[in-house]
Amino acid sequence: MKNAAEMHSVFFLSSSLKNVLLSFKIKAIVKKICVFCGSSMGVKPAYREAAVALGIALAERQDELIYGGANVGLMKVLAETMMQRGGRVVGIMPHHLIRKEVAHNGIDLMHEVKSMAERKELMVELSDAFIAMPGGFGTLDEISEILTLNQLRIADKPLGLLNTEGYFDHLLAFLDHGVSEGFIRAEHRDSIIISDDPFKLPALLEEYRPVAIGKWIEEIKQESGE
Ligand code: AMP
């Protein structure tokens with residue numbers, strides 16, 4: 001049995017060790033990348049070109065692509081570019097969408113799930129990191145899901161926005177507004193990795209550091225007079 005002084009020094013040593021380890025830049029493992037992107041093509045050719053470029057970049061890195069499994073829009077362009085370059089592609093799709101014949105039949109593996117909620121859960125479970133490309137409500141929902149799970153540390157996985165043609169500038173301005181109005185914490189806003197370069201973004205995801213939960217929970221308790 002250790003006495004109080006010994007217990008204190010054990011605690012001190014283990015917390016200093018933790019701080020030393022945290023100060024090292026340990027890179028996040030990023031091999032399975034889930035990409036959220038439009039089921040539409042978008043009006044500018046640059047969106048399609050970005051999906052092709054991201055497909056080439058991921059295949060060159062020998063990453064696995066996880067995505068919504070569709071054969072429409074930017075999703076199709078991305079998945080097909082990956083496959084043409086020999087990359088592995090995994091889809092996750094609910095039954096009802098498969099029945100609507102929007103599933104891509106040529107990919108390496110298709111997970112069939114019961115609902116959109118289950119699909120997001122499996123995407124989070126199977127992926128090391130996430131990239132959102134330009135898209136609509138579905139893409140926004142997926143971005144928001146990852147940010148919320150990361151904020152609560154239910155997940156702690158990097159999220160990058162591929163900001164082709166400044167597509168996400170308005171969303172980022174809204175998030176900044178959320179910070180200045182006191183509804184979004186700056187450290188959570190700043191944890192989003194942003195680049196318009198499909199060849200640089202995957203490597204940037206490896207630099208991600210999760211935000212510690214304790215500090216901001218204490219701060220919001222204080223704000224609320226707890
Ligand atoms: P949206 O941005 O509204 O076009 O929706 C695209 C995103 O939502 C993708 O990242 C998919 O995971 C999901 N999604 C929406 N519609 C479909 C669809 N028809 N087939 C497959 N996935 C879809």
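Since every read-out is calculated from the coordinates, none of them should be taken as a lab result. Note that this is a predicted model, so its numbers are computed, not measured. Don't worry about glycine lacking a Cβ; one is built from the backbone with ideal geometry, like all the others, and counts go over all protein chains shown.
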* Asked: How much net charge surrounds Glu145 when only the other residues with a Cβ under 10 Å from the Cβ of Glu145 are counted, with Lys and Arg +1 and Asp and Glu -1?
  -> -2
* Fewest-first sequence of Val89, Val35 by Cβ atoms within 10 Å of each Cβ -> Val89, Val35
* To do: Could you line up Glu101, Glu64, Glu142, Glu121 from fewest to most neighbouring Cβ atoms inside 10 Å?
  => Glu101, Glu121, Glu64, Glu142
* What is the sum of charges around Val43, taking Lys and Arg as +1, Asp and Glu as -1, for the other residues whose C-beta is under 15 Å from the C-beta of Val43? -> 0
* Asked: Tally Lys and Arg at +1 and Asp and Glu at -1 over the other residues with C-beta under 14 Å from the C-beta of Leu97: what net charge comes out?
  -> +3
* Structure fact -> Cα-based Rg and Dmax for the chain, in Å, come out at 20.1, 70
* List Ile131, Ile194, Ile56, Ile220 from most exposed to least, where exposure is judged by having the fewest other Cβ atoms within 10 Å. => Ile220, Ile194, Ile56, Ile131
* To do: With a cut-off of at most 16 other beta carbons within 10 Å, and DSSP calling the residue loop, which trypsin sites (Lys or Arg not before Pro) in the range 110-183 qualify? Please list them.
  => Lys114, Arg153
* Which whole number in µm²/s is D for the range 90-208 by Stokes-Einstein, with the Kirkwood Rh taken over Cα pairs at 4 °C and 1.567 mPa s? -> 83
* DSSP bridge orientation in the chain - percent antiparallel, rounded to nearest 5 -> 5
